[in-house]
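These notes concern the structure reproduced below.
The values are calculated or read from the model by the stated rules, or taken from the named source; none is laboratory data. Remember, predicted model here, so these are calculated numbers, not experimental data. When we count neighbours, we look across all protein chains shown, and the Cβ atoms used for this are built from the backbone with ideal geometry, even at glycine.
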Amino acid sequence: MKCYQAKAGELTPQWYVIDATDAVVGRLAAQIAPILMGKHRPTYAPHIDTGDYVIVTNVDKVVFTGNKWQQKSYQRYSGYPGGQKEEVAWKLFRRRPARILELAIQRMMPKNKIGRHMMGKLKLYVGPQHPHQAQQPIPMTPLSGRPAPSGALFTPKPTPQARAPRSQPTQEPTPAPVIESPAPVVEPPTPVAEPPAPVVEPLAPLPEPEAQLPPPGPESEAQLPPPAGEGTPTPAEPPSPVEAAPEVPPPAAPEAGTE
């Protein structure tokens with residue numbers, strides 16, 4: 001990729017015309033100087049004159065802001081001893097109307113030979129007419145006016161307070177009401193739905209082991225109580241003939257007086 005460098009005589013200059021009626025001198029000069037230097041183009045080069053021509057009409061109608069017509073002064077020096085002169089702005093404007101704008105633009109240009117060459121492309125005319133109609137200049141609108149004070153903050157002027165009469169007691173100033181900011185409303189936390197508890201089914205009771213009972217003795221034939229947890233009693237098992245002999249009832253005792 002190569003960078004383009006402008007060369008002398010390679011660019012065709014344009015012509016512009018500006019009406020300076022009621023235009024502020026400094027703002028108009030700041031608009032014209034970049035055009036003479038060529039800074040409004042992407043082909044600007046500081047060592048080549050790439051600027052355009054500017055025609056300014058009605059230079060006798062420019063204005064100053066404030067009280068500069070009486071306060072601003074211009075100095076010139078002839079080079080001889082005692083040749084330094086000073087002139088107020090309104091006197092110089094009355095003698096040479098175009099000199100005010102010309103000096104404002106010249107002081108914004110380079111202070112060398114190429115700057116003087118650029119100043120040769122500035123055409124100043126008193127009145128609305130100019131002799132450059134053949135170049136078909138492009139009209140431009142001058143930058144004029146003051147910036148609007150939008151967004152600026154102005155401090156209000158203090159109002160004088162009325163003094164209370166001496167005969168009456170002075171009233172103490174009422175304290176300003178203290179406005180308490182409302183406490184922030186804390187919303188209760190949203191209850192989180194707990195998962196349902198798992199259903200635990202009751203376990204079936206395990207069958208209890210039967211108690212091993214000792215074999216019934218020969219003296220008792222009483223039935224054993226039924227095991228716990230059962231509704232109906234279980235009949236006792238009959239004794240085996242080997243283990244127990246049948247009981248024989250004892251003989252009856254003899255009654256008294258009989259033998």
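Structural remarks
- Of the residues contained in the stretch 139-149, one or more are found to be modelled with pLDDT under 95, surrounded by fewer than 10 Cβ atoms within 10 Å (Cβ to Cβ) and within 19 Å of Pro34 (Cβ to Cβ).
- Pairing each residue of the stretch 33-49 that is hydroxyl-bearing (Ser, Thr, Tyr) with any residue that is surrounded by fewer than 14 Cβ atoms within 10 Å (Cβ to Cβ), provided the two are 6+ apart or on different chains, yields C-beta distances under 8 Å for Thr43/Tyr4.
- Members of the stretch 39-56 that are over 22 Å from Gln133 (Cα atoms) and not β-branched (Val, Ile, Thr): Lys39, His40, Arg41, Pro42, Tyr44, Ala45, Pro46, His47, Asp49
Okay, residues lined up against (1) of a type in the set (Lys, Arg); (2) farther than 17 Å from Glu102 by Cα; (3) surrounded by fewer than 15 Cβ atoms within 10 Å (Cβ to Cβ):
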{"residue": "Asp52", "(1), (2), (3)": "no, no, no"}
{"residue": "Ile55", "(1), (2), (3)": "no, no, no"}
{"residue": "Asp60", "(1), (2), (3)": "no, no, no"}
{"residue": "Val63", "(1), (2), (3)": "no, no, yes"}
{"residue": "Gln75", "(1), (2), (3)": "no, no, yes"}
{"residue": "Gly79", "(1), (2), (3)": "no, yes, yes"}
{"residue": "Gly83", "(1), (2), (3)": "no, yes, yes"}
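- Selection status of Val56, at pLDDT 95 or above and either of a type outside the set (Gly, Ala, Ser) or out of contact with any Cys (no Cβ under 8 Å at 6 or more places or on another chain) (or both): yes
- Residue within the stretch 122-129 that is modelled with pLDDT under 95, over 44 Å from the mean Cα position of the chain (by Cα), more than 23 Å from Pro13 (Cβ to Cβ) and of a type in the set (Gly, Ala, Ser) present: yes
- Checking each residue in the stretch 50-84 for being in contact (Cβ under 8 Å) with a residue 12 or more places away in the chain, aromatic (Phe, Trp, Tyr) and either farther than 18 Å from Ala6 by Cα or in contact with a helix residue (DSSP H, G or I) (Cβ under 6 Å, 6 or more places away or on another chain) (or both) picks out Phe64, Trp69, Tyr74.
- Residue in the stretch 9-25 that is surrounded by the most Cβ atoms within 10 Å (Cβ to Cβ), counting only those that are over 19 Å from His40 (Cβ atoms) and β-branched (Val, Ile, Thr): Val25
- Checking each residue in the stretch 1-24 for being of a type in the set (D, E, K, R) and either in contact with a Pro (Cβ under 6 Å, 6 or more places away or on another chain) or within 16 Å of Pro139 (Cα to Cα) (or both) picks out only Asp19.
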